[in-house]
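Visitor: Below you'll find the structure I mean.
The values are calculated or read from the model by the stated rules, or taken from the named source; none is laboratory data. Since this is a predicted model, take the numbers as computed values, not measurements. Here the Cβ positions follow ideal geometry from the backbone for every residue, glycine too, while neighbour counts run over all protein chains shown. All accessible areas refer to the heavy atoms of the entire protein, side chains included, with ligands and DNA or RNA removed. Shrake-Rupley method; radii C 1.70, N 1.55, O 1.52, S 1.80 Å.
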Amino acid sequence: MIPAPCKRNCCLNEADVCMGCGRTLTEITGWHQASSEQKQQILQKAAERMLAQSEFPLFQASRGKPS
């Protein structure tokens, strides 16, 4: 069983991506129905989103408008 990556820091950005775990709203709501393979894919995509967010914090914070 793969545990959900929820950090209990739920806050969706304008693209409906959780800023706490990096999952999309669809991925969050479908987590329990997802297969182990799907969960691994979700975790990989979420990690990539979190990395992108950390690389461009000012860009993300300004909702796509460089400050």
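Visitor: Could you give every pair whose Cβ atoms fall below 7 Å, whose first residue belongs to the range 19-45 and is within 10 Å of Ala4 (Cα to Cα), and whose second residue is basic (Lys, Arg) and open to solvent by 50 Å² or more (accessible area, probe 1.4 Å), counting only separations of at least 6 or pairs across chains?
Guide: These pairs meet every condition: Cys21/Lys7.
Visitor: Which residues, counting only those in the range 1-26, are under 15 Å from Ser54 (Cβ atoms) and part of a strand (DSSP E or B)?
Guide: The answer is Val17, Cys18.
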